[in-house]
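The values are calculated or read from the model by the stated rules, or taken from the named source; none is laboratory data. Computed from a prediction, not measured in an experiment: that's the story for all the values here. Neighbour counts run over all protein chains shown; Cβ positions are idealised from the backbone, glycine included. Side chains are part of the model used for accessible areas, which takes the heavy atoms of the whole protein and leaves out ligands, DNA and RNA. Shrake-Rupley method; radii C 1.70, N 1.55, O 1.52, S 1.80 Å.
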Amino acid sequence: MSSSPASVQMEEVRRRSQSLLSSSGSAQDVKEEVQTMASVLLPLSEKYRHLGVEAMLRENAACRNAQEVLESLSRLVKALSILEKYGCNLTSPARPRYWRSVKHNNPVFRSTVDAVKGGRTVLFLYGYTNQQIDGLSFPDDVTEPDAAKVASVTLEVMTLRTEVDMLVKRTHPHPENFRDIIPFITQQDELVSDVVVVTHEEEQLADTPQVLSLPPKPSVSPGGEPLKPPTASDCNLCGAASSLVCPSCGDQTFCDACDDLFHRHPSRANHRRDKGLGRTFVTAAKTSSPSLSPWECAHCTTVNEMRAVLCATCERPRLATAASAAQENPPSVPTSPNTEWQCKSCTVVNQGSSILCEVCERPRLATRPSVAPLPSSPGSTPESGAKWMCQFCTYMNTNPTAVCEMCNLSCKDSAGVSLPLSLQQNPSGTREQPRTQQRTQPRPAGDVEAKRQKMMREDGLRLVQQIREAEKRGVSAEEVYAAIGMCGGSSTDPCDWLASELPHLLDEICAMAASVQAERGGEGAEPSGPGVAKLSRAEAKLAWLSAGGDTDRAVRQLLRDRQVKMKELHSLGFRDVLRCEEALRLSGGEVKGALSLLQRPLLEPFHQRIWTDQPEPPIDPKHPDKQRMCRRLLALYDLPSWGRCELVLALLQEPDVTYSLEDVVQAVKESHDKDFIRRLLVNECPICLSIFPRSKMQSLTSCQCSVCHECFGMHFTIAVRDKHIRDMVCPVCGEPDINDPEQLDSYFSTLDIQLRNCLELDVYDLFHKKLTEHALMKDPKFLWCCHCTSGFINDGDQMKVTCPSCRKSFCAQCKKPWEPQHQDLSCEQFQQWKRDNDPEYQRQGLAGFLRDNGITCPSCRFQYALTKGGCMHFSCSQCRYQFCSGCNNPYHKTVCKTAQCSYTGLHAHHPRDCLFYLRDWEPPRLQALLQRSGVEFNTDPSNGTQSDACCLMEQKDEAGQQIDSPCGLQTQPGQAGLCEKHYSEYLVSLINAHSLDPSPLYDAKELIRACERYQVDTQRGENEDDSAYPARLLKKLMEVPLGEKVPRNK
């Protein structure tokens, strides 16, 4: 590597920019460094270490002319911009999600990177070295891109893009480096010679016209390093090299692109910009075509794109000169490109987006054309075909008549300059008098105008009345106008004339046209006789109307129209002249009708084949006529292209094919990739283990499992008929989680749509009935009967409720059977009365207490007269809600929404005062907790007799089913006649009823384990003794509240 100052500067800028880009991944952070590297004078092989720039430029600039070179380099700039974004994405700290692959089917990729030579080589340097079916990707063993190498390659891509962009815009400081690589560009640069810098004062003294040239090359230091341009010449918006200065914006500098965007605003559209910073660069006229470079407007000095026809600021034509612009009146520049504008020629108001007038098709800024007066000299004789324009109706008269053919006004009233010479009369009537003699007095203009207005009003009213009368009789205005011309000045009604005389006139026109056609002979028409084609009245009428009632013109128009129609039918393949003529006559001159008549015999075999009762033969993929099979596929299955049809036949011809034609066609419509289509056609049902195409598989929205249509319908039919509404989950994975109400509601809303087409009508109606009951259970007024299993909506506000099914009453609040003593007493007062006065309740003792304080479903509020000493995982038989009977918290089958919980199996989150933990304590320990808080508890049976087995009812899991049965465990003395499990339940119910915290009785291990469950910091502090450490943990643990859903019935 060279040690010149330019090389040292290049290496320093390269190292600094590479560090910035690899850390930030933002192209804006290294924009100035890239501009500096692009301006450094170094050989390309030394400036670009990774990219083969010379080969890339030669391959992309191998064109026949300079125009193609410019277009190719512009495409290269766009491709390098896309590659620059790929590199910045790889070096960015927040890389995109799919950074590992680049897809070839991306339209942006195909139109930019794939459209130039060397684009995929840059991607290979980035690390995309693994060739895939649909693109490029990083190797599987690469987890992170090489940030340093990607940043280095990206900087070279940005530098090359900047240099090529400067070459296209003719602003490159060293175009000689590319003389041997891009000859057309350097040849055009050599045409720009003798560049002179002229100040504004010298420009005003110059007489010769001057044109803009390219900016001069920057000066070079003695070491060969280009001097960095001053900051004042940079664009204020993008930082690139500026080319325009706007005095109205505070002498701000802009490049061409930013100036175009910034001065499009209506408030800045009238700003005048100067070229360069206080100086104007001029040169001799270029010999190259002006269409290959940007051009400057001669009026507002705005530099426009090379393809622009009108100036982007003042909208003047490209070739308009400053002199012609100065002669015109100051145009009213529209405040916005969408502002409507009025044509100066015909005064029609056009849309702001149009460039040409919609009526006269003159340019937007064109002035009204001047009407040159006809030369009038005494004694001159006008030609017989002289034209003159009426000043009243602007009709151009072709005959030298004294009145206008359109408005019937005298030509004397029109302007003399517009009359033909034969109609211009001298005021004296004999000969032209000298100009010194006194002229005759003209007629008063008021009388002429009043007469004209009166005549126009009478003629107009009469014509309107005739048109209205004709419309009532089904006659168009065009027919009325032509009939008036034929009737002349007679009093014949136009409609009567059309009904009586027009058919004869049309027959005459047809006969005249046939005669003319026969006389032509060798011009393509048949000779006279039977070969002469007959013309229809409909064609003659159209020609007569288009000719305005002129018979001769109608004949010529009729023959022209017939010749055009014959050529159109001839181009469609119908060469029989007689048949075409006859078809046009029968169709009234309509080409579509004639085409239908001509095609009918050709379609007769097809109609006979489709009208027969024989079935259509199936498509045989092994048929030798491959094109016929493809055409049938296109006609029957609406495939998008011929290639897709060939793909269908190729897939069906593969060995051991098990899928049908319809399945293959459906898969081919979705993709053109053969491997992907095979994956669509081969899918195994996880239930019946059969192979089906993807189109015959059914999926639920809650999971990714797919089953065949038959298994899907059978599973949900059995679930609707024999199971609960919450059992209708995925037959493969059991999703969704029924304990999540939000997920369950959205799941049922989409499941309803899927089951509508796969279930029988009676099964679908049963599903809707169960779904309705499931929705009713969420109503706060919904009650379950404590005597039977019925539920209903209670609209009343009384405590006593009667079940509509069993006609038995119960309390709406405590759900206990209704007794007369409950009247006028609260539920707590009634329970206390039963303890004090009901012998049966007193005889049951704690068993009755545990039964009355049984399990209540937190979802549907259905009560169970069961104890909680059984399985803590309780499943409600009414709503299938699964919860803990000790704390009412839900059980989760999969991952739950609790923070920092990663357990995926069946689990629930229990508070520390739940029976789930306290049932493992010995009864003496529970009694000690109650005694510590002064809560009384029983130890002896209520009836004084000790039974051998516990008779409390509980829910047990037997053979996968939940069954209610007696406990049956051995009772122990001192436990109130209950087994140890239910006696512990009794003590825990007292602890929960008084909201007692069991943490003060924890030992060291239990304390640490409880703190870990609640995410309490268990890290032991420095110099913390054995007594202070557990005390601190206990204090932190007691700050965590007890369970919110734990039943606390007293």
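Observations on the model:
- Net charge of the neighbourhood of residue 1010, taken over other residues with C-beta under 12 Å away and scored Lys/Arg +1, Asp/Glu -1, is 0.
- The largest accessible area among 97, 264 belongs to the first residue in 97, 264, and the rest follow in falling order (1.4 Å probe, all chains).
- Contour excess over end-to-end distance, with Cα ends at residue 249 and residue 972 and 0.36 nm allotted per residue: 250.3 nm
- FRET efficiency for residue 3 and residue 44, using Cβ-Cβ distance with R0 set to 30 Å, rounded to 0.05: 0.95
- 3J(HN,Hα) from dihedral phi, the stretch 55-68, Karplus parametrisation 6.51/-1.76/1.60, rounded to Hz, x for glycine, proline: 5, 5, 5, 5, 5, 7, 9, 7, 10, 8, 9, 5, 4, 5
- Normalised contact order of the stretch 593-696, rounded percent, pairs of Cα under 8 Å and 6 or more residues apart: 16 percent
- Under-5 Å amide H pairs with residue 698, H placed in peptide plane, nonlocal only: 707, 708, 709
- Residue by residue, the stretch 558-573 carries 3J(HN,Hα) couplings of 5, 5, 5, 4, 5, 5, 5, 5, 5, 5, 5, 5, 5, 5, 7, x Hz when phi is fed to the Karplus relation 6.51 cos²θ - 1.76 cosθ + 1.60 (θ = phi - 60°); x denotes Gly or Pro.
- Counting only heavy atoms of the protein chains and using a 1.4 Å probe, residue 553 has close to 110 Å² of accessible surface.
- Take the Cα of residue 792, step 7 Å toward its Cβ, do the same at residue 538, and the gap between the two points is 7.7 nm.
- Summing Lys and Arg as +1 and Asp and Glu as -1 over all other residues whose Cβ lies under 11 Å from the Cβ of residue 822 gives a net charge of +1.
- Once the Cα-Cα distance is subtracted from the 0.36 nm per residue extended length, the residue 904 to residue 875 segment shows a gain of 8.5 nm.
- List 456, 486, 728, ordered by accessible area with a 1.4 Å probe, largest first: 456, 486, 728
- At an R0 of 35 angstrom, the distance between the Cβ atoms of residue 130 and residue 179 translates into a FRET efficiency of 0.30.
- The distance between label points at residue 401 and residue 78 comes to 6.0 nm (points 7 Å beyond Cα on the Cα→Cβ vector).
- A cut-off of 5 Å between modelled amide H atoms, ignoring neighbours fewer than 5 places along the same chain, links residue 135 with 104.
- Around residue 47: net Lys/Arg minus Asp/Glu count, Cβ-Cβ under 12 Å: -3
- Backbone HN-Hα couplings from phi across the stretch 127-142 [Karplus 6.51/-1.76/1.60, Hz, Gly and Pro as x]: x, 7, 9, 8, 7, 10, 5, 10, x, 10, 7, 6, x, 5, 7, 9
- Per-pair calculated FRET efficiency, R0 = 51 Å: residue 560 and residue 654 via Cβ, rounded to 0.05: 0.25
- Between residue 553 and residue 342, the simple label model (points 7 Å from Cα in the Cβ direction) yields a spacing of 3.3 nm.
- Net length gained if the chain between residue 761 and residue 518 were fully extended (0.36 nm per residue, minus Cα distance): 79.9 nm
- Once all protein chains are placed together, residue 626 keeps about 100 Å² accessible to a 1.4 angstrom probe.
- For residue 389, solvent-accessible area (1.4 Å; no DNA, RNA or ligand), Å²: 70 Å²
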